[in-house]
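A quick write-up on the structure given underneath.
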Amino acid sequence: MRIRLGVISIAILAALTAVALHAETPAIAKPAPSPSPSPTNPPTPYMAPEAVTNGTWDVILQLEGRDPSYSTMKLKDVGNAVSGVWIEDKKTVWVLNGKRDGTHLTLDVASQATPNTVIGKIDAEIDGIADMVGTITIDKTPFNGAPFQAAQHARVPPPPIASPTPNATPTPF
């Protein structure tokens, strides 16, 4: 009988241990998944002013009483010294030399025939993306403080590709 009580005691102890080891612990609730943010366009990269000035600029010049004219500037910024050319049209190329003070750009304008004779000025502001705005004044009409804007389109990232709307249906138009 003693052996029987001992065996029963061991069996009960084993059963209690097994139950204790395999007993379910209270479940910890997992947090509900949070919605992911909508995709956003990556920000346009910002560049230091000394890096922005370098390169080819597409210029839009607005002369009073005329349609806008389109031309190109090619600039190189070394330190704060800026040099380059402004290709106004197929026949006219201006030599540019000046300086950049932070984001402010001041350039002397000279003809290719007499590059040491200053005949005008460009006064402009550049931003940290790829834009420039200012005025061009040359000792010939109609360039008397003519406003212009310029951009380096190669540096601006392309627009995002538009995705179709859900359940979009074709239209007959």
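The values are calculated or read from the model by the stated rules, or taken from the named source; none is laboratory data. A quick note: this is a predicted structure, and the numbers were derived from the prediction, not measured. Ideal geometry is used to build each Cβ from the backbone, glycine not excepted, and the neighbour counts take in all protein chains shown.
Things worth noting here:
- Hits in the range 106-137 - residues which are more than 28 Å from A51 (Cβ to Cβ), surrounded by 14 or more Cβ atoms within 10 Å (Cβ to Cβ) and not hydroxyl-bearing (S, T, Y): I119
- Residue list for the range 53-77, filter: under 14 Å from L107 (Cα atoms) and not in a loop (DSSP other than H, G, I, E, B): M73, K74, L75, K76, D77
- Checking G120 against (1) closer than 17 Å to F148 by Cα; (2) in contact with a Leu (Cβ under 8 Å, 6 or more places away or on another chain), the condition it does not meet: (2)
- Some residue of the range 87-95 being touching a Leu at 6+ places or on another chain (Cβ under 7 Å) and either in a strand (DSSP E or B) or charged (D, E, K, R) (or both): no
- Residues of the range 96-105 that turn out to be surrounded by 14 or more Cβ atoms within 10 Å (Cβ to Cβ) and in a strand (DSSP E or B), as a count: 6
- Scanning the range 138-145 finds no residues that are out of contact with any Pro (no Cβ under 6 Å at 6 or more places or on another chain), among the β-branched types (V, I, T) and modelled with pLDDT of 90 or more.
- Residues located in the range 43-102, provided they are among the polar types (S, T, N, Q) and touching a strand residue (DSSP E or B) at 6+ places or on another chain (Cβ under 6 Å): T53, N54, T56, Q62, S69, S71, T72, N80, S83, N97
- All positions within the range 103-133 that are in contact (Cβ under 8 Å) with a residue 40 or more places away in the chain, within 14 Å of D77 (Cα to Cα) and in contact with an Asp or Glu (Cβ under 9 Å, 6 or more places away or on another chain): T103, L105
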